[in-house]
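Below is one structure; the comments refer to it alone.
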Amino acid sequence: MHSFSTRLLAAFLLLIVLTTLSTSLPAYWLARRQLQEQAWRNVANAQQATHSLLQAEQMRLAGLAQLFAERPTLQLLVRTTALTELAPYLRDFQTQSDLDILVFCQDGRLLAGDAAFTAVCTPPPPGNFSLVNGQPAMLAHQPVTDALSQQPLGVTITGRWLDEEALHQLAANTGVGHTILSPTDRRFSSSLPGTGEAAFAAAGEADISPLAALSTPQTQMTLDGNRYFVAYLPLPGAAAETVLFAEVALPVNDLIATERRGLLALAVSTAVIVLLAGLLGSWYVRQLVSPLQKLTEAAEQISQGDLLAPIPLIAAPAEINTLAAALQQSQEMMLHSLEEQSQAREWLNTLIQSIAEGVVTLDGYGRITFFSQGAEALTGWTATEAIGVMANEVFRLAEPESRRFLEVAPPAGSKRQIVIRTRQGKNSVLAVTGARLHPLKQDPAQPTARVALVLRDVTQEEALRRLRSYFLANISHEFRTPLSTLQASMELLLDEEESLSAAEMRELLKPSYLSLSSLQTLIDNLLESSSIEAGEFAIKLRPCHIQDSITDALHIVRPLLERRQQAIAFDEPAHLPELPADPARLTQVVVNLLTNASKYSPPGATITVELAEMEGRVRLAVSDEGPGIPPAERANLFHRFVRLDSADREQYGIGLGLYVVKTVVEAHHGRVGVADRPEGGSTFWVELPIMMRDE
């Protein structure tokens with residue numbers, strides 16, 4: 001015999017099953033009926049939509065036929081019987097209007113158009129739908145009347161095939177499949193999948209004819225294993241007779257699957273309810289609730305962030321004991337994983353803070369959420385000041401009237417150069433690279449970091465690039481001028497050699513010699529600059545007198561001084577000691593200083609060269625009578641490719657002379673500088689040590 005508890009549990013389970021079935025089965029049948037009714041309403045709506053779309057296309061064809069018939073060019077070509085020009089004119093209009101059929105008929109014969117469509121010209125004019133060469137088509141015709149004589153010229157017929165392409169477009173607009181068939185159930189084209197000849201044959205065996213289906217409100221068919229709800233739309237031809245049918249087919253496989261899922265859900269829900277009822281009615285389940293509740297509370301504490309919450313020790317039953325042990329092991333692994341993540345995060349933060357490039361992260365509103373030490377050095381802002389501030393406030397553009405920083409910031413994966421104004425008011429060129437940290441969140445209350453920007457200061461690189469471009473743009477001029485002078489002098493000497501005196505020849509050779517000297521100085525400076533940049537620059541020190549280098553330099557630049565009628569005022573002490581120097585390099589220094597003074601002094605000026613000994617150094621000073629040097633330009637005066645502006649274009653150089661001077665002097669452990677001259681102009685001075693410095 002079964003115990004009372006077993007009988008009570010069985011009765012409880014039976015009651016649950018009956019209650020579930022009594023409520024679920026009616027709901028299932030009601031839902032199934034509503035789904036089918038909705039499907040048939042969709043078929044009716046699709047049928048109406050198909051009718052409207054076909055009417056709209058018919059109106060378009062009629063409009064195109066009327067438009068073509070009213071064209072003066074067409075009437076002129078027909079009136080003048082220019083048939084050779086009518087055919088291409090017809091093809092152009094057909095291409096522009098997206099027409100499959102466009103013909104012009106006159107007196108029942110084809111005058112222009114594809115010869116394959118001769119049959120459509122046979123009276124009477126075709127209807128809205130017709131079979132053309134055995135294929136279904138939608139047609140429209142329009143008589144053409146001569147606008148001058150009002151005499152009929154012919155008929156324009158436009159059309160479009162009702163092929164698979166057209167039916168697929170129709171299906172895309174209505175959401176259902178379409179098939180064009182004859183009253184005898186011959187199928188011409190379809191947008192349904194699996195509509196080959198075999199599939200059509202199989203479908204035809206199960207369907208009723210379209211004429212019979214018009215009187216049947218609900219028709220179904222199976223095609224290639226797919227079930228459809230079907231309705232038919234008659235397509236009239238000439239004299240309003242039905243020549244074709246449009247079959248509207250709604251696939252209902254999803255509906256059938258939904259019904260099956262509903263039935264399965266009913267069975268599953270009934271089984272689940274019975275199972276839950278049995279568990280709830282069992283005393284053993286009630287015994288399990290207490291230890292499980294304790295484990296649940298511990299798990300909730302862990303999920304809320306209390307990773308050190310104690311896990312209760314449960315001895316029995318064994319399953320609960322195993323669960324408690326697994327939960328405790330998971331807790332330990334989670335703590336270990338979090339510790340590793342914390343160490344990795346600290347290491348990554350240290351790495352980011354140690355690199356010279358700046359790293360900045362922004363939230364979805366453009367506020368700064370992270371600001372590395374590199375970014376602090378680049379902008380002058382501290383992380384404490386920048387975090388929480390809009391990026392447009394921290395990164396102010398050098399030209400703020402145009403756009404703001406976030407408008408020019410690069411998108412993820414790209415780089416841009418942006419000129420900003422630092423907090424100290426200095427312009428800085430930054431190479432900014434953008435990166436997306438994670439996809440945007442939809443919750444506006446979570447403005448977490450979403451965009452990362454990596455900043456690199458390329459101010460000096462950009463300045464060097466501009467200087468190089470400046471150098472390349474002007475070096476051709478610096479070579480062309482002396483070469484042109486040299487060429488002109490040589491041509492004159494060759495042409496007038498017999499008639500020129502020795503004195504005249506010397507006068508012609510002076511510009512040539514001056515041009516050669518200028519080229520020599522330019523080439524020397526270029527070679528020195530190249531060796532300096534390549535790290536191959538070196539000097540050979542030996543005892544020498546600086547006066548010898550000055551004498552050699554004066555010999556080199558004398559033609560330039562004579563041409564500009566400039567004099568040299570030389571002031572030196574009675575005795576100067578020897579210097580440890582490279583005589584050739586020292587001569588180049590003096591040549592560059594004298595050439596510079598001559599170029600920036602007016603014709604007829606006096607250039608002063610002074611030598612003096614002071615505190616173990618020999619000082620060479622070259623003074624000119626030029627316009628002077630503004631204080632703002634002195635800081636970059638001895639850099640490469642830097643030149644002073646001058647009103648005289650011939651005085652422009654390539655900006656290497658003073659750079660070579662500074663490099664040579666510093667290689668001798670000397671100093672170089674510039675000062676204002678009290679009488680006007682500038683004084684460039686060089687100081688060289690008398691004693692050789694130990695390396």
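The values are calculated or read from the model by the stated rules, or taken from the named source; none is laboratory data. All figures in this text were calculated on a predicted structure; none of them were measured in a lab. Please note: Cβ atoms are built from the backbone with ideal geometry, for glycine as well, and neighbour counts cover all protein chains shown.
Among the residues making up segment 523-551, a single one is modelled with pLDDT of 75 or more, surrounded by fewer than 17 Cβ atoms within 10 Å (Cβ to Cβ) and hydroxyl-bearing (Ser, Thr, Tyr): 551.
Looking for something outside any helix (DSSP H, G or I), over 30 Å from residue 232 (Cβ atoms) and of a type in the set (A, V, I, L, M) - is there at least one such residue anywhere in segment 73-88? Yes, that holds for at least one residue.
Is it true that some residue in segment 119-136 is under 52 Å from the mean Cα position of the chain (by Cα), among the β-branched types (Val, Ile, Thr) and either assigned by TED's automatic domain parsing to the domain that holds residue 237 or within 30 Å of residue 250 (Cα to Cα) (or both)? Yes, because at least one residue in segment 119-136 is under 52 Å from the mean Cα position of the chain (by Cα), among the β-branched types (Val, Ile, Thr) and either assigned by TED's automatic domain parsing to the domain that holds residue 237 or within 30 Å of residue 250 (Cα to Cα) (or both).
Mind listing just one residue for me: the one in segment 438-487 that is in a loop (DSSP other than H, G, I, E, B) and surrounded by 15 or more Cβ atoms within 10 Å (Cβ to Cβ) and, of those, modelled with the highest pLDDT? Give the derivation first.
Taking segment 438-487 first, the residues in a loop (DSSP other than H, G, I, E, B) are 438-448, 458.
Filter once more, so that each one left must be surrounded by 15 or more Cβ atoms within 10 Å (Cβ to Cβ): 447, 458.
Working: 447: 53, 458: 81.
Among residues in segment 438-487 that are in a loop (DSSP other than H, G, I, E, B) and surrounded by 15 or more Cβ atoms within 10 Å (Cβ to Cβ), the one modelled with the highest pLDDT is 458.
Conditions (1) assigned to a loop (DSSP other than H, G, I, E, B); (2) crowded, with 17+ Cβ neighbours inside 10 Å; (3) modelled with pLDDT of 60 or more; (4) not assigned by TED's automatic domain parsing to the domain that holds residue 542, marked per residue:
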| site | (1), (2), (3), (4) |
| --- | --- |
| 647 | yes, no, no, no |
| 665 | no, yes, yes, no |
| 672 | no, yes, yes, no |
| 684 | no, yes, yes, no |
| 694 | yes, no, no, yes |
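Of all residues in segment 615-635, exactly one satisfies the criterion of being touching an Asp or Glu at 6+ places or on another chain (Cβ under 7 Å) and over 17 Å from residue 547 (Cα atoms), namely 628. Scanning segment 218-240 for residues that are touching a residue at least 40 places away in the same chain (Cβ under 8 Å) and assigned to a loop (DSSP other than H, G, I, E, B) yields 218, 237. Within this structure, residue 311 passes the test of being hydrophobic (A, V, I, L, M, F, W, C), surrounded by 13 or more Cβ atoms within 10 Å (Cβ to Cβ), outside any helix (DSSP H, G or I) and at pLDDT below 80.
Within segment 96-137, which residues are part of a loop (DSSP other than H, G, I, E, B) and either crowded, with 16+ Cβ neighbours inside 10 Å or acidic (Asp, Glu) (or both)? Give the derivation first.
At the first step, the residues of segment 96-137 found to be part of a loop (DSSP other than H, G, I, E, B) are 98-100, 107-108, 113-114, 122-128, 133-134.
Correct list: 98, 99, 100, 107, 113, 114, 125, 126, 127, 128.
When you check residue 157 against the structure, is it crowded, with 21+ Cβ neighbours inside 10 Å and touching a His at 6+ places or on another chain (Cβ under 7 Å), yes or no? So residue 157 fits the description; yes. The residues listed here are 384, 361; of these, the one that is at pLDDT 85 or above, surrounded by fewer than 15 Cβ atoms within 10 Å (Cβ to Cβ) and among the polar types (S, T, N, Q) is 384.
Going by the conditions given, is residue 640 at pLDDT 65 or above and part of a strand (DSSP E or B)? No.
Exactly one residue among 610, 625 is modelled with pLDDT of 85 or more, of a type in the set (D, E, K, R) and assigned to a loop (DSSP other than H, G, I, E, B), and that residue is 625.
Within segment 566-584, can one find any residue that is part of a helix (DSSP H, G or I), of a type in the set (Gly, Ala, Ser) and either modelled with pLDDT of 90 or more or farther than 21 Å from residue 613 by Cα (or both)? The answer is yes; a qualifying residue exists.
Any residue in segment 162-176 that is of a type in the set (Asp, Glu) and either crowded, with 23+ Cβ neighbours inside 10 Å or under 18 Å from residue 120 (Cβ atoms) (or both)? Please lay out each step first, then the result.
Narrowing segment 162-176 to residues of a type in the set (Asp, Glu): 163-165.
After this cut, where a residue has to be either crowded, with 23+ Cβ neighbours inside 10 Å or under 18 Å from residue 120 (Cβ atoms) (or both) as well, the list is 163.
Checked against the condition, which is being of a type in the set (Asp, Glu) and either crowded, with 23+ Cβ neighbours inside 10 Å or under 18 Å from residue 120 (Cβ atoms) (or both), segment 162-176 yields at least one hit.
Yes/no per residue for (1) of a type in the set (Val, Ile, Thr); (2) surrounded by fewer than 11 Cβ atoms within 10 Å (Cβ to Cβ); (3) at pLDDT 75 or above; (4) farther than 30 Å from residue 408 by Cβ:
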position: 317; (1), (2), (3), (4): no, no, no, yes
position: 335; (1), (2), (3), (4): no, no, yes, yes
position: 371; (1), (2), (3), (4): no, no, yes, no
position: 391; (1), (2), (3), (4): no, no, yes, no
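Scanning segment 409-433 for residues that are closer than 23 Å to residue 385 by Cβ, crowded, with 16+ Cβ neighbours inside 10 Å and aliphatic (A, V, I, L, M) yields a count of 6.
When the residues of segment 588-602 are filtered to those that are within 53 Å of the chain's Cα centre (by Cα) and within 25 Å of residue 540 (Cα to Cα), the one that is surrounded by the most Cβ atoms within 10 Å (Cβ to Cβ) is 589.
Can you tell me which residue among 56, 65 is crowded, with 16+ Cβ neighbours inside 10 Å, modelled with pLDDT of 85 or more and in a helix (DSSP H, G or I)? Spell out how you get there, then give the answer.
On the way: 56 fails: crowded, with 16+ Cβ neighbours inside 10 Å.
Testing whether each residue is crowded, with 16+ Cβ neighbours inside 10 Å, modelled with pLDDT of 85 or more and in a helix (DSSP H, G or I) leaves just 65.
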